[in-house]
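Working notes, beginning with the structure itself.
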Amino acid sequence: MDQPASPSQPYPWRLFWLLLSAAILSALAIIPIVFDMMGAMSGQPELPSIPLWLLVAVGVVQNLAILAFVVWLGLKLSRSLGLRAPLLESWVYRTKFSSKSNERILQILKSGLLTGIAVGIVLLISLLVLVPRLPNLPFLIAARLPVWKRFLACFYGGVYEELLTRLFLLSLVAWIANRSWRKTAPKLSNSAFWFANILVAILFGLGHLPSTSLFMPVTPLVVVAALILNGIAGVAFGYLYQKHGLEAAMIAHFTGDFVIYVVGPTFLRH
C-alpha cells in the first residue's frame, strides 16, 4: 500500500477521465449479452412494453452523472488512504520505469492473473455443482450465447464493477471506519480495511440478487450461493486492491469472469 496523498497534492484529473471513459466503455460492452439474456425472458408479462434498446439508452444517460461521481469520490478517498492505481498513474503521468518498478508491474500482473484463475476455477466448479439444483442459473443462459458477447461482458466485471465496488464502495467504507477508529491517523489501519473489505464483499454478493431474480426465484439456496461465491471473489479482489493496487483487482476480476463465462461453458457440453 502506498503512502496517503497529502492535502496539497492536486486531484488526478487525467486519471479520473481515463477511469470514467473505461467505465463507460465497459458498461457498453455488456449491452450485447444483456439484449440476448433479456430476450430469453420475452414471454414474461412483467417485461416493460418500451423497446429494450430505449430502456438501455435511458439507463446509460441516467447513470452517467452517478458514475462520474463514483469515480471522482473513489479516487479522492482512495488516495487519502494510500490505495492507488500504480500502473495507470505511471502511464497517465508518464513516469519513468526503473528496474524496481518493472518488478512491481510483473508482480501486479502475476498476482492479478493467478488470483483470477484460482477464483474463476473455484466459482466455476461451484456453479457446475449447482446446475442440477438451479437449472435457471444466469450462467447457463449466458453459456448459450456467442463467445464474443461473453468475452465483452468480462470487461464489465473487470472494470465497471471494480470501480464501483473497490475504488468507490470499499474506499468509502474504509475511510469512514478509519476516521471513526483512528481519528488522528490518516493511514489506513488493517482493522478498518478488513472490516470494509468483508462488508463490501457481502454487499457485492447481495448486489447480484436483483439481476438473478429476473431469471429464477431467489430461494435461500440462491442467497447463500450468491453470498459465498461472490463473497470469496470480493474478498480476494479487495485484498489485491490494497496489496497491489486497483489494476490487480481489475485483472483478477476480468480473468475470473473469463474462466467462468468464456471457458466454463465448454464443460457443459460433456
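Quick notes
- With every protein chain in place, segment 65-136: carbon and sulfur % of accessible area (1.4 Å): 69
- Extension gain (nm, one decimal) between Leu214 and Leu128, 0.36 nm per residue minus Cα-Cα: 28.9 nm
- Intensity falloff of segment 161-270 expressed as log10 I(q)/I(0), Debye formula with alpha-carbon point scatterers, at q = 0.12, 0.21 Å⁻¹: -0.48, -1.12
- Ratio of Rg to Rh over segment 100-217 (Cα coordinates, Kirkwood Rh, two decimals): 1.05
- Legend: calculated FRET efficiency, Arg104 to Ile202, from the Cβ-Cβ distance at R0 = 22 Å, rounded to 0.05, equals 0.10.
- Calculated accessible area for segment 104-226 comes out at 50 Å² per residue, all protein chains present (probe 1.4 Å; ligands, DNA, RNA ignored).
- Positive minus negative residues near Phe258 (Lys, Arg vs Asp, Glu; Cβ under 15 Å): -1
- With the highest mean first, a sort of the peptides 233-245, 80-92 on other beta-carbon atoms found within 10 angstrom per residue produces 233-245, 80-92.
- Each residue of segment 217-222 was assigned a 3J(HN,Hα) from its phi angle through the Karplus expression (A = 6.51, B = -1.76, C = 1.60, θ = phi - 60°), giving x, 8, 8, x, 5, 5 Hz with x at Gly and Pro.
The values are calculated or read from the model by the stated rules, or taken from the named source; none is laboratory data. These numbers were taken from a predicted model, which means no experiment stands behind them. Don't worry about glycine lacking a Cβ; one is built from the backbone with ideal geometry, like all the others, and counts go over all protein chains shown. The accessibility values were calculated without ligands, DNA or RNA, using every heavy atom of the protein model including side chains. Shrake-Rupley method; radii C 1.70, N 1.55, O 1.52, S 1.80 Å.
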